Amino acid sequence: MLLVVNGLYDDSEHEDPGHPERPDRVTAARAGVTDLHLGSDLVIVPSYSATRDELLRVHSGGYLDELGAFCYGGGGDIDPDTFATVDSMTIARHAVGGGLAVIRELQRLGDGVGFVVARPPGHHALEDRAMGFCLLNNVAVAAAALRAQGERVLIVDWDVHHGNGTQQIFWDDPDVLYVSTHQWPLFPGSGGASEVGGRHAINRTVNVPLPAGATGDVVRRAIDEVAAPVIDAFDPTWVLVSAGFDAHRADPMAELQLTSGDFAEMARSVADFAPQTGRLAMFLEGGYDLEALRASVHASLSSLLGGTNEVERPSSGGPGGDHVARVQRERRAALEIVRSNEDEETES
Ligand SMILES: [Zn+2]
């Protein structure tokens, strides 16, 4: 199968010395692609600067103006975690444009799998605020572009952190289903099982918070038992993955215990949710141990392309086995409350 990847755009000037979200990450992720040795099955599409109209589907005009002015004025620290340089707006717009270019190429080919490897990452970026290393929400702009074409979009976010920005942006949108597995408690603090979507989009948000130390078997159960029935009922026409690799056991930012083999298995599960080939793209989010990032990119793409050459075995045996049932109970209770509020409003 073809792999469609966005072309390299120089992101070296979006850097804050010593910050973990650094240009080497893209180099490592791209090495994971090279390791596949795809030859002519690798399709590279140039990134471009996402237009204001494309960004406005997700971000407010005021925020885009403010972020642009901050960057072009020299940049600095937006918050204790999040930096911008004079070039960051330009680089962030190309990261978004890389995603849109990959989607368009998949639509043109009607075949293949997409991988958007660019930074800064996006899933913490809110409609009107940068946070958590993220400036513009790459996956959300891509989902919004597909939604504008009438598609029903599933976003699976397996980054170790909850994608609060993506959840907020599509909170009340019935045509986008957001599914996240993440360590909890952890930054940014949101992502409880009882967060199930707004009144026009009840059950269009699925959160599975997991305890520190959880292994791949629990994540697989969460996807199979909690997410899969909701996804099947939603019946997506496109699947986008917020693919952070910071849930890997070697990652310094969190304490989940996944291996590259687990990412391969998750990729296989997610591919089953896509209605046909040519309608699935992975977007790089977190992942801060370069070796783990390279191996996990390689393993998950290999799996999406039908290969089986992961080096690490899938993990199991960690805590959280009882957790999936608890998440189900919390979700059901929350859904009952939201639905009964809805009934009362309809009656009054
Ligand atoms: Zn993350």
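The values are calculated or read from the model by the stated rules, or taken from the named source; none is laboratory data. Predicted model only: the values in this text are computed from it and were never measured. Don't worry about glycine lacking a Cβ; one is built from the backbone with ideal geometry, like all the others, and counts go over all protein chains shown. Just so you know, the surface numbers come from the protein's heavy atoms only, side chains and all, with ligands and any DNA or RNA stripped out. Shrake-Rupley method; radii C 1.70, N 1.55, O 1.52, S 1.80 Å.
Residues whose amide H falls under 5 Å from that of H182, counting only those 5 or more places apart or on a different chain, are V208, L210, with hydrogens built in the peptide plane.
Karplus-derived 3J(HN,Hα) values for region 25-32, using 6.51 cos²θ - 1.76 cosθ + 1.60 with θ = phi - 60°, are 5, 5, 4, 5, 5, 5, 5, x Hz; glycine and proline are entered as x.
Computed about its Cα centre, the charge dipole of region 40-86 is approximately 160 debye, with only Lys, Arg, Asp and Glu carrying charge at their Cβ. A simple rule links phi to the HN-Hα coupling: the Karplus curve 6.51 cos²θ - 1.76 cosθ + 1.60 with θ = phi - 60°, which for region 111-124 gives 6, x, 10, x, 9, 9, 10, 7, 9, x, x, x, 5, 8 Hz, with x for Gly and Pro. Basic side chains Lys and Arg get +1 at the Cβ, acidic Asp and Glu get -1 at the Cβ, and with that the dipole of region 196-295 about its Cα centre reaches some 320 debye.
Projecting the Cα atoms of H123, G321, V43 onto the charge dipole of the chain, computed from C-beta unit charges around the Cα centre, puts V43 farthest toward the positive end. Distance from the alpha carbon centroid of region 38-101 to that of region 280-321 works out to 26 angstrom.
Maximal additional length on extending the E66-E127 stretch stands at 20.7 nm, based on 0.36 nm per residue less the C-alpha distance. Under a 5 Å amide H cut-off, with hydrogens placed 1.01 Å from N, V4 pairs with V43, V113, G114, F115 among residues at least 5 apart or on other chains.
Of the trypsin sites (Lys or Arg not before Pro) found in region 155-237, those that fall in a DSSP loop while having at most 15 other beta-carbon atoms within 10 Å are R199.
This model, with +1 at the C-beta of Lys and Arg and -1 at the C-beta of Asp and Glu, gives region 240-348 a dipole about its Cα centre of some 460 debye.
Max-minus-min Cα coordinates of the chain on each principal axis give 53, 47, 40 Å, with the largest extent listed first. Residues in the chain average 38 Å² of solvent-accessible surface per residue, probe 1.4 Å, ligands and nucleic acids excluded. Residues in region 333-345 carry Karplus couplings, in order, of 4, 5, 5, 4, 5, 4, 5, 6, 4, 4, 4, 4, 5 Hz; the curve used is 6.51 cos²θ - 1.76 cosθ + 1.60 with θ = phi - 60°, and Gly or Pro positions show x. Amide H contacts of L177: V153, L154, I155, each under 5 Å away and 5 or more positions distant or on a separate chain (H built 1.01 Å from N in the peptide plane; Pro and chain starts excluded).
Of the solvent-accessible surface of the chain, computed with a 1.4 Å probe and all protein chains present, 49% belongs to carbon and sulfur.
Of the residues A214, I169, I231, the one whose Cα sits farthest towards the positive end of the charge dipole of region 167-252 is A214 (charges of +1 on Lys and Arg Cβ, -1 on Asp and Glu Cβ, taken about the Cα centre).
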